[in-house]
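Data first, discussion second: the structure below is written as structure tokens.
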Amino acid sequence: MPTIGFEIKRKCKVCGKVFVAKTLDSYYCSRKCSNVAWKRKRDEKLKNARLEAIAQLVPDIREYISVKEAVAMFGVERSTLYRLIKEGRVPAINIGERLTRIKRSDMERLFLSRPESAVEKEKPAPKLYSMEPEDCYTITEVCEKYHINDSSVWAHVRKYSIPSRQIGNYVYVPKQEIDNLYNQYEILCDNGEKLKDLEQRLFAVSAINGLIQYIEDTQKTKLEHINKIIIYTITKYMALDINARRNLELTEKLRDKSKKGTLLWVLDKTATSMGGRLLRRWISDPLIDVFEVNNRLDAVKELKEDVMMRGELVSSLKGVYDIERLAGKVSYGSANARDLNSLKASAKKLPEIKKLIENSKSNMLRNLYQDLDELEDIYTLIENAIIEDPPISVTEGGIIKFGYDSEIDELKTAMTDGRTWLAKLEATEKEQTGIKGLKIGYNKVFGYYIEVTKSNLSLVPDRYIRKQTLTGGERYITEELKELESKILGAEEKVVSLEYKLFTQIREQIKSQIQRIQKSAMVISKLDVLASFATVAEDLNYCMPQVDNSGIIDIKDGRHPVIEKMLPAGSFVANDTYMDKDENRLSIITGPNMAGKSTYMRQVALITLMAQIGSFVPATSAHIGIVDKIFTRVGASDDLSMGQSTFMVEMMEVANILKEATGNSLVILD
């Protein structure tokens, strides 16, 4: 073989190890790998030869699949498939050792035309459900009623063990089970009202089903904490494309993706994590409904003017934990005792918060007052059951308060008062038997025992059971002593077990009230954001904008909210802006570099957006006509990975603006 005059590094075709090839046809790092490769080729040739020989006897052999392929394709268990083959219900041919083949069409007929449970021996339906046809749906009826395909229905039937019954060519499932499954979620419009034309929104239904199925498949748990689905309507919110969100730096900076230096950074004075998340959503989805915008503005105005109420409200909100996340933990069954105490501490603050907004005048605050559930029953339950400083783990005991459960109390008393009980029993036995030297002892072999010296054996009563003979005396046990021993020695283990069982019952009881908890969490989030807007307006001297559908943008002494906050107080130069749909539809800003042209243009967009999320704005006065979309074309950039030059990127962005903009859109070209 020709040798190589220089080194060539190759990757072994068997083990993948990199080696230096000595000859041009060296593809394996060692003789062992070479032998493995040779055996693989030999086995492949033998297999192909066997298949060719069988193909002469069975012409349609290519239509057959192996057992392994059948298991993967049809989701049936291997043991079930072999049993069906043995019973003759699935025809198969054997072409050698471990080469059982099944015809694909037979598998499709058996497993795709009806569920796996239909192949098994029919099981009687539970007595809870009537399996008569009039009390059941067919699979087709379920698909038509809930707008899902039959494969999804079969998946849910198997997953949730819904009983089914086949009569003729139809498979029936109980109406009660199916309706409970598919009516779990309340489908609402953006305004909170129940959606009435769900049957007409086929794409929305398909999207919801796909999303729910994905979450169920990935989270491997029931979605009981998800009880409400809101259909997002783009006609209710301002449209902001990715360029506008990036260039206006709403929630993250363009350069380093940080929060500081963004509109969110300016407005975020929230006291809770829930409020912070809701504020981010409000900034990302400004409203275009004048009524809802003014509802928010009126609430912010009332909180801004009532300094005492706002101060007490913020102070109370600081004591509220992340109720949304806690509700999710409870629903998933992962909440521990400390999480429940956090929920209790939050529930304790709810009556204070509700009292503070009781006499509110604005519509939004009055509605929030009506919707806020104080969760008094949940607070009382946790307060009575869980100790103040429980351990992190729920399986080690020490989480249930003394006095909540009599059985646990007795076992805990046995753990702490065991010595006292033994001393009392010893005194009682001495008095009853007259044996002054009687004593109760303990060892790991016999447990607790009564020891009597030889001189007092004649005084031992008949109820004593001899356990051990010693040189100087005898050891006995009694029924009472053994009962006491089982209480003392088994108390700790029983306490841990009973406490865990009781804790899970408490958690399930709270889980049944998830909807109430989530509703209160949403109310707290909105109050937190409104209080944050009011605090920022007071601290930074913002004004209440007038918002309507006039199509006018009239800003007096407007200021860029982010730059103003980063500069020393009073150093930002305010600017006026006036635009309408008639003669002042277009404004052209010119000037030298670093003159503030970009700042001025973005300032107008940010003030408009702030007004439409319900926030006060940095100006002495502002009249904002509702804007349905904001577009920005700012700066020079390219996208070389996509083959787009700077000019091409600019032209594509402008083309998108020209295509999507309406008569009520605000466009910034820098």
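The values are calculated or read from the model by the stated rules, or taken from the named source; none is laboratory data. The structure displayed is predicted, hence computed values, not measured ones. Every residue, glycine among them, receives a Cβ derived from its backbone with ideal geometry; neighbour counts consider all protein chains shown. Just so you know, the surface numbers come from the protein's heavy atoms only, side chains and all, with ligands and any DNA or RNA stripped out. Shrake-Rupley method; radii C 1.70, N 1.55, O 1.52, S 1.80 Å.
If the condition is being in contact with a Gly (Cβ under 8 Å, 6 or more places away or on another chain) and not in a helix (DSSP H, G or I), then the stretch 278-308 contributes only L287. With respect to E429, determine if the residue is open to solvent by less than 70 Å² (accessible area, probe 1.4 Å) and part of a helix (DSSP H, G or I). Taking the combined requirement at face value, the residue satisfies it.
Scanning the stretch 476-507 for residues that are over 22 Å from V394 (Cα atoms) and open to solvent by 40 Å² or more (accessible area, probe 1.4 Å) yields E479, E480, K482, E483, S486, K487.
Evaluating L381 against the criteria (1) under 30 Å from M522 (Cβ atoms); (2) in a helix (DSSP H, G or I); (3) open to solvent by 40 Å² or more (accessible area, probe 1.4 Å) leaves one unmet condition, (3). Selection of the stretch 434-451 for residues being under 14 Å from G472 (Cβ atoms) and open to solvent by 40 Å² or more (accessible area, probe 1.4 Å) yields G437, K439, E451. Restricting Q644, Q603, Q612 to those that are open to solvent by 40 Å² or more (accessible area, probe 1.4 Å) and either more than 24 Å from A299 (Cα to Cα) or not β-branched (V, I, T) (or both) reduces the list to Q644.
Restricting attention to the stretch 326-337, does a residue exist that is open to solvent by 60 Å² or more (accessible area, probe 1.4 Å) and aliphatic (A, V, I, L, M)? Break it down stepwise before answering.
Initially, the stretch 326-337 is screened for residues open to solvent by 60 Å² or more (accessible area, probe 1.4 Å), giving 329, 332, 334.
Next, from what is left, pick out any that are aliphatic (A, V, I, L, M): none.
No, that holds for no residue.
Determine whether I61 is modelled with pLDDT of 70 or more and within 14 Å of I102 (Cα to Cα). Criteria not met by I61. When every residue of the stretch 508-522 is checked against the conditions, none turns out to be open to solvent by 50 Å² or more (accessible area, probe 1.4 Å), in a loop (DSSP other than H, G, I, E, B) and within 30 Å of T662 (Cα to Cα). Tell me which residues, restricted to the stretch 566-583, are open to solvent by 50 Å² or more (accessible area, probe 1.4 Å), in contact with a helix residue (DSSP H, G or I) (Cβ under 9 Å, 6 or more places away or on another chain) and not in a strand (DSSP E or B). Answer for the stretch 566-583, where residues must be open to solvent by 50 Å² or more (accessible area, probe 1.4 Å), in contact with a helix residue (DSSP H, G or I) (Cβ under 9 Å, 6 or more places away or on another chain) and not in a strand (DSSP E or B): just S571. Among residues that are touching a residue at least 60 places away in the same chain (Cβ under 8 Å), open to solvent by 50 Å² or more (accessible area, probe 1.4 Å) and not small (G, A, S), D371 is included.
Got at least one residue in the stretch 331-346 being under 30 Å from K501 (Cβ atoms), part of a helix (DSSP H, G or I) and without any contact (Cβ under 8 Å) to a residue 24 or more places away in the chain? Yes. Taking the condition open to solvent by 40 Å² or more (accessible area, probe 1.4 Å), over 18 Å from E249 (Cβ atoms) and at pLDDT below 85, does N656 pass? Yes: the conditions hold for N656. Among the residues of the stretch 18-46, those identified as of a type in the set (D, E, K, R) and at pLDDT below 75 are K22, D25. Looking across the stretch 226-271, the residues that are within 30 Å of S316 (Cβ to Cβ) and assigned to a helix (DSSP H, G or I) come down to L263, L264, W265, V266, L267.
Can you name every residue in the stretch 387-407 that is open to solvent by 50 Å² or more (accessible area, probe 1.4 Å) and of a type in the set (A, V, I, L, M)?
Passing the criteria: only I392.
Out of the stretch 310-325, which residues are open to solvent by 20 Å² or more (accessible area, probe 1.4 Å), touching a helix residue (DSSP H, G or I) at 6+ places or on another chain (Cβ under 6 Å) and of a type outside the set (S, T, Y)? Passing the criteria: R310, E312, V314, G319, D322, E324. It is to be established whether one or more residues within the stretch 338-360 are surrounded by fewer than 18 Cβ atoms within 10 Å (Cβ to Cβ) and among the hydrophobic types (A, V, I, L, M, F, W, C). Checked the stretch 338-360: at least one residue is surrounded by fewer than 18 Cβ atoms within 10 Å (Cβ to Cβ) and among the hydrophobic types (A, V, I, L, M, F, W, C). Taking the residues in the stretch 431-488 that are over 54 Å from the mean Cα position of the chain (by Cα) and of a type in the set (G, A, S) as candidates, determine which candidate is nearest to T413 (Cα to Cα). Here the residue is G441. Any residue in the stretch 300-307 that is of a type in the set (A, V, I, L, M), over 17 Å from L606 (Cβ atoms) and open to solvent by 50 Å² or more (accessible area, probe 1.4 Å)? Yes; the residues of the stretch 300-307 include at least one that is of a type in the set (A, V, I, L, M), over 17 Å from L606 (Cβ atoms) and open to solvent by 50 Å² or more (accessible area, probe 1.4 Å). Of everything in the stretch 408-426 that is among the aliphatic types (A, V, I, L, M) and surrounded by 14 or more Cβ atoms within 10 Å (Cβ to Cβ), the residue that is farthest from L381 (Cα to Cα) is L425.
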